[in-house]
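The values are calculated or read from the model by the stated rules, or taken from the named source; none is laboratory data. Just so we're clear, the structure is a prediction, and the values are computed from it rather than from any experiment. So basically every Cβ, Gly included, is an ideal-geometry build from the backbone, and we count neighbours across all protein chains shown. Calculation scope for accessible area: heavy atoms of the full protein, side chains included, ligands and nucleic acids excluded. Shrake-Rupley method; radii C 1.70, N 1.55, O 1.52, S 1.80 Å.
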Amino acid sequence: MIILAKVVPLFSGSKGNSYFIGSSGEGVLVDVGRSCKQIENALALNDIEIGSIGAVFITHEHTDHCNGLRVFAKKHKLKIYASEGTLEAMSEKKLICPENDIYVIEDKISVGNMQVERCDTPHDARESCCYKVYTSDDRKAVIATDMGVMTEDVRKLISSSDFAVVESNHDVRMLKLGGYPYIVKQRILSDKGHLCNDACAEELAGFIKSGNVRLMLGHISENNNTPDLAFNTSVNELSRLGIKRGIDYTLETVPAETNGKSVIF
Ligand SMILES: [Zn+2]
Ligand SMILES: [Zn+2]
């Protein structure tokens, strides 16, 4: 039997984030940032049985990452993993139901035949992190968003994987000229904010040279970016370095809402 590891982006961006990663009948969810109903509908649209989800991993307590967690995890009796700080922050805000099986992930744990590894991210949350998921056929995927700067640890995590979603949140010029309050702009631009198009584009060549050639751009701002601008910034930077899309790597943008497409990696 051929086992196909796949990533199904369900939601991405400031209105909500959620990804299914798995292979043949088992998987995990990274973040539950939409309502229970919306997550259920997105899973159904992609033919993913909720019973195949071994656990839910939450990156941090911002509501675009755990909005639907309380209802969804309780209804489907799902195990929840996050850092200790994220779990504390979510329970203070009543974003998590204490009746669920809740666990702190320190570094790496097993879920069925899969494994999940945690790596901390610089973001304005209590103890944010990203995750690397190892499928049962030992394919590796990373979802790395909500980080003000790329760190050496996250770089290593992505470089040693087969697939990654990398944050390409905003165009700095659009953000600076846009209508957000000054304090919000400063927050997004800070080392604990979000990764901009240029910073993302500069990272991709290193990942491709290390062998991770299946890349997607995620958490694209609706107000301070466009999918085309994020995409072109990265493709142009890689072309400048002589790295060719379709030959040396694949790149797509993650849609704000699932379009029924998944990525086999
Ligand atoms: Zn976010
Ligand atoms: Zn966030």
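Computed values, structure above
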read-out: Distance violations [Cα-Cα > 22 Å] among 6/93; 108/192; 140/209; 15/93; value: 6/93; 108/192
read-out: In sequence order, calculated HN-Hα J values of region 245-250 (Karplus, 6.51, -1.76, 1.60; Hz; x Gly/Pro); value: 5, x, 10, 8, 6, 10
read-out: Accessible area (Å², per residue) of region 132-175, counting only protein heavy atoms and a probe of 1.4 Å; value: 31 Å²
read-out: Between region 7-37 and region 193-245, the Cα center-to-center distance that results, in Å; value: 21 Å
read-out: Accessible carbon and sulfur surface of region 5-264 relative to its total accessible area, %, 1.4 Å; value: 47 percent
read-out: FRET efficiency, residue 44 to residue 79 (Cβ-Cβ, R0 30 Å, nearest 0.05); value: 0.90
read-out: Computed lengthening from residue 232 to residue 103, 0.36 nm per intervening residue step minus Cα-Cα distance; value: 42.4 nm
read-out: Beta bridges per DSSP with both ends in the chain, % antiparallel, nearest 5; value: 55 percent
read-out: Residues of region 108-132 with amide N under 16 Å of the 7 Å Cα→Cβ point at residue 186; value: 124
read-out: Residues whose placed amide H lies under 5 Å from that of residue 195, excluding near-sequence neighbours; value: 146, 147, 169
read-out: Surface accessible to a 1.4 Å probe, residue 127 within the full protein complex, Å²; value: 60 Å²
read-out: Protection proxy ranking of 214-224, 255-265, 57-67 - average other beta-carbon atoms within 10 Å, highest first; value: 57-67, 214-224, 255-265
read-out: Cα gyration tensor shape for the chain, rounded if a/c is under 1.5, else prolate or oblate; value: oblate
read-out: Student exercise, the chain dipole from Lys, Arg, Asp, Glu Cβ charges, in Debye to nearest 20; value: 400 debye
